[in-house]
Amino acid sequence: HLIQNDYESFCMSQGSDRITKDLWGAMQRFVEWVGITEESVHAILVFLAIRGIGKAKPFLQAMRRDEQTPEVVVLALLCDFPRKVPSHAPLTSGGQILVEKAFELHRTFNFAQFLQGEN
């Protein structure tokens, strides 16, 4: 509802304590500034859903030792065995690229480690 600028649907379950129109306007300006689209939200949700696959021991063990990182495992599955990751297929080509770029970025820069001051 946020991406579609549908204030009424967004607030429907909020009862009488709805967010203000001013806050809604600020949220809409943020969505516009960032360029959030339904396609990018779908891609982000797929990324979050499949990122744990790379930690599965059978998949990790199938990779060469120098490539045994969760991100490399998922990228290899997406590239070589796409049927093993069916949630990736319905994405648009742009969404698929976004997911793949997110895994490539996460391979070189782990935000959680950054926040914890590691590496």
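The values are calculated or read from the model by the stated rules, or taken from the named source; none is laboratory data. Here the structure is a predicted model, which is why all the values come from computation and not from measurement. Backbone-built Cβ (ideal geometry, glycine too); neighbour counts: all protein chains shown. Just so you know, the surface numbers come from the protein's heavy atoms only, side chains and all, with ligands and any DNA or RNA stripped out. Shrake-Rupley method; radii C 1.70, N 1.55, O 1.52, S 1.80 Å.
So the values come out like this:
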item: Under 21 Å from the Cα of LYS101 - lysines, other chains or at least 8 residues apart; result: LYS55, LYS84
item: For CYS79, solvent-accessible area (1.4 Å; no DNA, RNA or ligand), Å²; result: 100
item: Surface share of carbon and sulfur [accessible, 1.4 angstrom probe, percent] for the chain; result: 58
item: Selected from ILE97, ILE50, ILE19 as most flexible by GNM, with the chain as the system and alpha-carbon contacts under 10 Å; result: ILE19
item: Highest-fluctuation residue, LEU98, LEU45, LEU78 considered, GNM on the chain with Cα pairs under 10 Å; result: LEU45
item: Rg/Rh (Cα only; Kirkwood hydrodynamic radius) as it applies to segment 30-97; result: 1.06
item: GNM result for the chain, Cα springs below 10 Å: residue of HIS42, HIS106, HIS88 fluctuating most strongly; result: HIS106
item: Surface accessible to a 1.4 Å probe, SER93 within the full protein complex, Å²; result: 90
item: Solvent-accessible area per residue, Å², over the chain with all protein chains present [probe radius 1.4 Å]; result: 73
item: Coil-residue trypsin sites (Lys or Arg not before Pro) of segment 23-119, DSSP, other Cβ within 10 Å capped at 16; result: ARG64
item: Solvent accessible area, Å² - ASP6, 1.4 Å probe, full protein context; result: 50
item: Surrounding net charge for GLY95, when Lys and Arg each add one and Asp and Glu each subtract one, Cβ distance under 13 Å; result: -2
item: Two-decimal Rg to Rh for segment 72-119 - Kirkwood Rh, Cα set; result: 1.08
item: Cα lying deepest toward the dipole's positive end in the chain, options CYS79, GLN96, TRP33, charges on Cβ; result: CYS79
item: More than 25 angstrom apart: percent of Cα pairs within the chain; result: 42
